[in-house]
1. Could you say which residue among 68, 125 is within 18 Å of the chain's Cα centre (by Cα), at pLDDT 95 or above and buried (at least 19 other Cβ atoms within 10 Å of the Cβ)?
2. Residue check, residue 222 against (1) touching a residue at least 12 places away in the same chain (Cβ under 8 Å); (2) within 24 Å of residue 88 (Cβ to Cβ), all met but one. Which one?
3. If you go through the range 49-62 one residue at a time, do you hit one that is modelled with pLDDT of 95 or more, touching a helix residue (DSSP H, G or I) at 6+ places or on another chain (Cβ under 7 Å) and in a loop (DSSP other than H, G, I, E, B)?
4. Within the range 67-87, how many residues turn out to be touching a residue at least 60 places away in the same chain (Cβ under 8 Å) and in a helix (DSSP H, G or I)?
5. Which one of 226, 195, 199 is assigned to a loop (DSSP other than H, G, I, E, B) and modelled with pLDDT under 95?
6. Select from the range 126-161 the residues that are outside any strand (DSSP E or B) and in contact with a strand residue (DSSP E or B) (Cβ under 6 Å, 6 or more places away or on another chain) and list them in ascending order.
7. Of the residues 92, 113, which is assigned to a helix (DSSP H, G or I), in the same structural domain as residue 166 (by TED's automatic domain parsing), over 16 Å from residue 164 (Cα atoms) and at pLDDT 95 or above?
8. Would you point out the residue of the range 1-22, among those that are within 9 Å of the chain's Cα centre (by Cα) and not in a strand (DSSP E or B), that is surrounded by the most Cβ atoms within 10 Å (Cβ to Cβ)?
């Protein structure tokens with residue numbers, strides 16, 4: 001079973017790790033579009049171009065399924081698209097099922113603008129600093145940046161992580177509040193809905209841009225896993 005995972009950066013690695021933690025294994029082929037990261041400030045035309053490039057790459061890799069590990073990219077995909085699994089419907093379902101009347105949705109600016117999580121009981125908070133901070137160093141101290149976005153919501157009971165990168169902030173977000181909170185994690189919900197027959201774990205990572213920082217950050221998150229990492233050549237995808 002070959003499964004493609006597309007994201008603009010570490011969010012896709014978070015989802016890959018979540019697959020392993022939920023005991024869902026396959027030959028994972030990760031497409032990290034670092035060349036155009038972050039996706040959160042891009043327009044529809046740009047996002048569609050990046051999506052088409054990723055799908056072209058996965059087609060050449062003969063992937064059986066593609067996980068769109070990016071809430072922002074998922075906003076421009078037809079929900080009836082059978083080739084892909086996205087986090088949006090799973091997260092929407094959890095929001096609807098939540099008994100909380102005070103949900104805080106943390107997401108990128110583009111995801112907020114798309115209104116996919118615009119429910120009456122939700123406060124939508126665009127967090128452009130989060131991804132930049134995470135991509136700079138996934139082991140950063142996130143206390144100040146989390147406080148910056150959540151200080152207006154001291155009584156929040158449920159937090160929705162509307163970006164797969166944000167799982168790396170979960171502990172800091174929990175510690176920010178003086179009371180217990182519920183966290184709806186789009187990475188967990190995305191992987192939970194997956195259903196496929198397990199096959200031996202193999203990890204091939206392809207990126208559109210490769211630097212020492214990218215190598216180090218990926219190694220930090222996948223420190224217990226064996227994987228191959230390489231930069232994609234321009235002629236390997238239809239649009240770059």
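The values are calculated or read from the model by the stated rules, or taken from the named source; none is laboratory data. Just so we're clear, the structure is a prediction, and the values are computed from it rather than from any experiment. Positions of Cβ are generated from backbone atoms using ideal geometry, with glycine treated the same way; all protein chains shown enter the neighbour counts.
1. Working: 125 fails: buried (at least 19 other Cβ atoms within 10 Å of the Cβ).
Testing whether each residue is within 18 Å of the chain's Cα centre (by Cα), at pLDDT 95 or above and buried (at least 19 other Cβ atoms within 10 Å of the Cβ) leaves just 68.
2. (2)
3. no
4. Qualifying residue count, the range 67-87: 3.
5. Testing whether each residue is assigned to a loop (DSSP other than H, G, I, E, B) and modelled with pLDDT under 95 leaves just 195.
6. Step one: of the range 126-161, the residues outside any strand (DSSP E or B) are 127-157.
Hits for the range 126-161 are 127, 149, 153, 156.
7. Answer to the selection: 113.
8. Checked the range 1-22; the qualifying residue surrounded by the most Cβ atoms within 10 Å (Cβ to Cβ) is 11.
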